[in-house]
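Read the structure below first, then the notes.
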Amino acid sequence: MNKIALITGANTGIGFETAKGLLAQGFDIIMVCRSAGKGEPAKKKLLFKFPERKVDFYRCDLANFDHVRKTIELIKGKFDHLDVLVNNAGYVTEKVEITKEGHEKTFQTCHLGHFLLTMGLIDLLKKSEQGRIINVSSMAYKMGKFERLLKPSKKYNKWQVYGDAKLANIIFTIGLAEKLQGTDIEAYSLHPGVVKSGFGHNLKGFTRGLISLFSPFMISLEKGAETSIFLATSPKAKGKSGQYFVKSVPEQLNGKETTIENAQLLWTKSKEWTD
Ligand SMILES: NC(=O)c1ccc[n+]([C@@H]2O[C@H](COP(=O)([O-])OP(=O)(O)OC[C@H]3O[C@@H](n4cnc5c(N)ncnc54)[C@H](OP(=O)(O)O)[C@@H]3O)[C@@H](O)[C@H]2O)c1
């Protein structure tokens, strides 16, 4: 049975490098990307480099639940198992944007879309010998506050909202590890490093300037993908379900926000929000 990994946001940045790394290790790849205009050329590039492998592309805006549901249906219709799910796509908006489902867009993209996708694909992951779910978070989770996930502040602050969404990635991972006890599936979260990618290039003014200024000091995309690839493949990750990794090593979490109680509450609310 060939190994299959699904990566969201695989058309560019850390996601694209993760796809390359996993193809090099013999995986087939399912790319789940927001735009066909960017996804199809990225798929061609991957197949050009790895002509012997299979790469499938699905267009899916994670900030649209109908897209996510349709994608789950199509993937379940085509594949009989899934070994690795990398919830990698991420986004932050300059100004507040509300999705048609009524959620703040950064939160829906980074967490709710991935929550729905993961729930829809759990059965396929259970058919793998050892399924792995990898949630790409960020050290920005340290700016996050759990209470704002349940009751967003009235005043929009993009980095606060991003920190909250990345905190949700970590808390979701803790919830997954608990729910998946007794199965062969493990879940991990990670910070990839400060990576020279397209992240934040949609932002304007001071923040955009700051990103350009620090860009020479950022790590490469290859380095940025290393922890995702490690968690997807290494036997050393086994038994560490629920943990948060930096440079492929587990790191202690800030305990105040990342409790099992918060994980259980986020799980219940996420189920409610994604219906
Ligand atoms: N770069 C860093 O320093 C850094 C640090 C910590 C954590 N991270 C995390 O690493 C992950 C990857 O980011 P990156 O640095 O590789 O950034 P990137 O180059 O901007 O890539 C982000 C990916 O997410 C996709 N995406 C955004 N909104 C989406 C949506 N609604 N539906 C589906 N896909 C969507 C983008 O698609 P489009 O190309 O169509 O926009 C792109 O493929 C993110 O979760 C980010 O939070 C990055």
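The values are calculated or read from the model by the stated rules, or taken from the named source; none is laboratory data. Computed from a predicted structure; not experimentally measured. With ideal geometry, Cβ positions are generated from the backbone for all residues, glycine too; neighbour counts draw on all protein chains shown. SASA here: full protein model, heavy atoms, side chains in, ligands and nucleic acids out. Shrake-Rupley method; radii C 1.70, N 1.55, O 1.52, S 1.80 Å.
Quick check of the Kirkwood formula: for segment 26-143, what is the inverse mean of 1/r over all pairs of different Cα atoms, in Å?
It is 15.3 Å.
How big is the dipole moment of segment 4-273 about its Cα centre under a simple scheme where the beta carbon of each Lys and Arg is +1, that of each Asp and Glu is -1, and everything else is neutral? Debye, nearest 20, please.
Approximately 700 debye in magnitude.
Given the pairs 38/247; 38/238; 158/247; 44/95, which span a C-alpha to C-alpha distance of over 32 angstrom in this model?
38/238; 44/95, as the Cα separations exceed 32 Å there.
Looking only at the chain, where both bridge partners belong to it, what percent of the DSSP beta bridges are antiparallel (to the nearest 5)?
15 percent
Considering only protein heavy atoms, what per residue accessible area in square angstrom results for the chain with a 1.4 angstrom probe?
Value returned for the chain: 47 Å² of accessible area per residue.
Given an 8 Å cut-off on Cα distances and at least 6 residues of separation, report the relative contact order of segment 6-86 as a percent.
Once normalised by length, the contact order is 29 percent.
For residue 45, which lysines qualify as cross-link partners when the Cα separation must be under 23 Å and same-chain residues fewer than eight apart are set aside?
Output for residue 45: 3, 20, 54, 78, 196, 223.
So how do 247-254, 110-117, 66-73 stack up, highest first, on mean other-Cβ count within 10 Å?
110-117, 66-73, 247-254
Using modelled backbone amide H atoms (1.01 Å from N, in-plane), which distant-in-sequence or interchain residues come within less than 5 Å of residue 195's amide H?
Answer set, sorted by chain and number: 219.
Ranked highest first by average number of other Cβ atoms within 10 Å, how do 172-180, 23-31 line up?
In descending order of packing, they fall as 172-180, 23-31.
Hey, what did the chain get for relative contact order, percent, Cα under 8 Å, at least 6 apart?
Relative contact order comes out at 18 percent.
Which residues' amide hydrogens lie under 5 Å from the amide hydrogen of residue 128, considering only partners 5 or more residues apart or on another chain, with H built in the peptide plane?
82
For segment 137-143, just list the computed ³J(HN,Hα) in residue order, Karplus coefficients 6.51, -1.76 and 1.60, θ = phi - 60°, integers in Hz, with x standing in for Gly and Pro.
9, 6, 5, 4, 4, 5, 8
Heavy atoms only, 1.4 Å probe, whole protein assembly: order 274, 233 by accessible area, highest first.
Result, largest first: 233, 274.
Set Lys and Arg Cβ to +1 and Asp and Glu Cβ to -1, take the dipole of segment 4-273 about its Cα centre, and tell me which of 137, 211, 235 lies farthest positive.
Result: 211.
First obtain the Kirkwood hydrodynamic radius of the chain from its Cα pairs, then insert it into the Stokes-Einstein equation at 25 °C and 0.890 mPa s, and state the resulting D in µm² per second as a whole number.
Answer from the Stokes-Einstein relation: 132 µm²/s.
Going by average Cβ density within 10 Å per residue, which order do the peptides 148-157, 208-217, 125-134, 7-16 take, highest to lowest?
Averaged packing, sorted descending, gives the order 7-16, 125-134, 148-157, 208-217.
Just from the alpha-carbon atoms, what are the Rg and Dmax of segment 58-125 in angstroms?
Answer for segment 58-125, Rg first and Dmax second: 12.5, 41 Å.
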